[in-house]
Every structure is written in structure tokens, then in C-alpha cells.
Amino acid sequence: MLRQLVCWKIKTKALPVVENQNIHELYWYAILSKATGLDKYRIQSLVKIIDSDLLTPRQYQAAVMTLKEKCEVYAGGCRKRGREEEANYVYQLAEKYG
């Protein structure tokens, strides 16, 4: 019931069920995964991680795939809001690692 309350409060679909997970962790998981405006910082973090040379080949591929997805979403939002220059930069960034 508490899980349903949290889902109603943040107006999302059901959160993943994890035994013994703190209700505050579930709340922040849902808030941060739906927060707008954070993709720019996620992209910057992914670039830093990819450039660090600390990743295994499998982790590197996963990070690059995630970077491409985030760049597509962010660039699409930029184009929608008339920020063509920023959208082009983000597309180029995705292509650099692709």
C-alpha cells in the first residue's frame, strides 16, 4: 500500500519492487528519472566517464549507447525550443563516440 501511495504522489507508473528498499529511495528514484533539465548534466557525466579510460569494453559500449540516446533526446528538445546551435553540438558529440 505504501508503494501505491508513493506512485500516486509522484504520478508515475508502478516503480520496480525491491525488497527492503527505503520508501525515500523509491521516491527519489522516480523524481530523478523524470526530472527535466538534467539530461545536459547526464551527457556531461557520460562524456567524462567515457574519456576516463576506466571502463571495460562492455561498460564502454553501454556508456556510448546511453550517451547516444541521451544526446538524441536532448538535441530533439533543443530543436523543439529553437536552440539549433546547441542541438548541432550535441549531435556532433554523439557522433564523435559513435
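The values are calculated or read from the model by the stated rules, or taken from the named source; none is laboratory data. Source: prediction; values computed, not measured. Because the Cβ atoms are built from the backbone with ideal geometry, glycine has one as well, and the counts that use them run over all protein chains shown.
Conditions (1) surrounded by 11 or more Cβ atoms within 10 Å (Cβ to Cβ); (2) among the small types (Gly, Ala, Ser); (3) modelled with pLDDT of 95 or more, marked per residue:
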| position | (1), (2), (3) |
| --- | --- |
| VAL17 | no, no, no |
| GLU25 | yes, no, no |
| TYR29 | yes, no, no |
| LYS34 | yes, no, no |
| ARG42 | yes, no, no |
| GLU69 | yes, no, no |
| VAL73 | yes, no, no |
| GLY98 | no, yes, no |
*Report, ordered by the first and then the second residue, all pairs with beta carbons closer than 8 Å, sequence separation of six or more or different chains, a first member in segment 54-70 that is assigned by TED's automatic domain parsing to the domain that holds LEU93, and a second member that is hydroxyl-bearing (Ser, Thr, Tyr).*
VAL64/TYR97; LEU67/TYR97; LYS68/TYR97
